[in-house]
Amino acid sequence: MTLRLLKSFALSVDQNRVPISSSAQRLLALQNMPRSRTYVAGMLWPDVTASRANANLRSSLWRATRTGHQVIDASTQELAICKHIDVDIHVAATRAHQLLDMSRPCDDILTARTREDLSADLLPEWSENEWVLVEQEQYHELRLYALEAMTERLTAAGRHGEAVAAGLAAVRAEPLRESAHRVLMNAHLAAGNRGAALRQYEQCRRVLLEELGLEPSQTLRNLVPAHSGGGDAGIPAHPGGGSAAPEPLPTRRIVCHPAGEVPAQGTDTSAPAGTVPA
């Protein structure tokens, strides 16, 4: 039996969906670890009395049993998802922590499946539930760091195409996150694609300016490959946003003298416009 909480809720047995009530769905979604009955009742029904919340909990547990499968392991004090159920977010979180532990190799999980799991948020359609928001934010941050670590590991392994795919997933999840753009630029540069790295920098710069009025950090600017024909690498940011314009060169004019006349000694024949030579 599998429980899917990434992207959307789904309980299935041998790839066949198991119908389950909405209250039982919330009960299962909250069980990322053993919880006390009091805690679960208070989180799921915060706006009613404790006795009413406990009654609602008993009702939800009864509805969960009507699936024909044992899904909740309930004692007098605690509730937990049955151990025979595979929960996708548990697997994804475990892999995320493995990726972040740079002291250990994890080549076996540098896979498309890992990238896909880390590219999905926890129950995005349930955002109206306050208790879900906390869990969503925690997993969102974890998966972003894990995607960045995955990009760096794949880059170091010379698997540049996969590194770029992981980096793009991180940028899509959080377009304003400079560290995501940084690891993606590094992946492009490691593959020898300086143009792609420059385009990524320009995309990051554009979104930061449009959304926050900020220039990229110096750390990101230092990654911009040397190129001709423009760009803002090494150009200081303008206080009002954007890059400072270069100082204009002074306009000069040629002073013509009648034929045969020799200019007086010390006369500047190319004085700035609007001036009369002495």
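The values are calculated or read from the model by the stated rules, or taken from the named source; none is laboratory data. Because the structure is a prediction, the values reported are computed rather than measured. Cβ: placed from backbone, ideal geometry, glycine included. Neighbour counts: every protein chain shown. Remember, those area values only see protein heavy atoms, side chains included, never the ligands or the DNA or RNA. Shrake-Rupley method; radii C 1.70, N 1.55, O 1.52, S 1.80 Å.
Counting only heavy atoms of protein chains, what accessible area per residue, in Å², does the stretch 89-223 have with a probe of 1.4 Å?
Heavy-atom accessible area per residue stands at 50 Å².
If you roll a 1.4 Å probe over the heavy atoms of the protein chains, what accessible area per residue do you get for the stretch 1-47, in Å²?
52 Å²
Set Lys and Arg Cβ to +1 and Asp and Glu Cβ to -1, take the dipole of the stretch 89-223 about its Cα centre, and tell me which of LEU209, GLY161, ALA191 lies farthest positive.
Ranked along the dipole, the leading option is ALA191.
Which order do peptides 72-81, 19-28 fall in by mean Cβ count within 10 Å, highest first?
Ranked by mean Cβ neighbours within 10 Å, highest first: 19-28, 72-81.
Quick one: which residues, 5 or more positions from ILE81 or on another chain, have an amide H under 5 Å from its amide H? H modelled 1.01 Å from N in the peptide plane, none for Pro or chain starts.
ASP73
Quick check on the stretch 89-223: take the gyration tensor over C-alpha atoms, sort the square-rooted eigenvalues as a ≥ b ≥ c, and tell me if it's rounded (a/c under 1.5), prolate or oblate.
In terms of gyration-tensor shape, oblate.
Leaving out ligands, DNA and RNA, and with a 1.4 Å probe, what % of the accessible surface on the stretch 2-84 is carbon or sulfur?
On the stretch 2-84, the fraction of accessible area on carbon and sulfur atoms equals 48 percent.
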